[in-house]
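Below you'll find the structure, written out as structure tokens, and then a few comments.
Just so it is clear, none of the values below were taken in a lab; they were calculated from the coordinates. Nothing here was measured: the structure is a model prediction, and the numbers come from that model. Cβ: placed from backbone, ideal geometry, glycine included. Neighbour counts: every protein chain shown.
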Amino acid sequence: MLQVRENDGQAFEELMLRYQNRTLSLLTHLVGERELAEDLTQEVFLRVYRARRRYVPGAKFSTWLFTIAGNVASNARRTKARRREVILNSRDTESGSHSLEAAAVAASALMPTRQLDKAELCSAVQQAIETLNDRQRMAVLLAKFEHFSYAEIAEVMNMSPQAIKSLLSRARSKLRETIQPYLERGAKIDRDLADSMADSHYPPSEATA
């Protein structure tokens, strides 16, 4: 990014190659549409290039990048809400079902004891993801896909690490509440096991990082 700041076009191309897929994945989950996420990814990198002169090395570059991505996604979601557009179409559902399953199940800390029909589970996941507000969704995705610490997520979202810990806890509870009826059509979920697994993903020491 320091090379990009000095108008190095080749460095900017390398930057995009390294980060565009991760940015696209994040935006796809945030806005719910692959095609829209592709357009927003281009907008994110355009903003990065326009802001290159103001870039100051500090935290990880990805922290700065995903802060921009989060702002772009929030603007897009507000626009979608005003236009009352459909959140996901069938093509987006099929292409993003695997990663969405991982996000919702992992974030809710639930381990289903039976194999659900793919379409059924995908529908549950869509509903669960949509029940989260923008901040909860962003925090869950950064924690699960980017493996950000509380402190890193806090920097992206301009919140304290302790607030992020609480935010993620509420998000997991919300996802669990939404997905649970689908998972419980078979055997009962072991709540104690789920809670212990959630704790192992978010050790207390990170809260004060």
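What does the highest-first list of 161-170, 20-29, 136-145, 44-53 look like by mean Cβ count within 10 Å?
Taking the mean over residues of other Cβ atoms within 10 Å, the ranking is 136-145, 20-29, 161-170, 44-53.
With no solvent and one point per C-alpha, what does the Debye sum give as log10 I(q)/I(0) for the range 1-86 at q = 0.18, 0.21, 0.24 Å⁻¹?
-0.75, -0.95, -1.16
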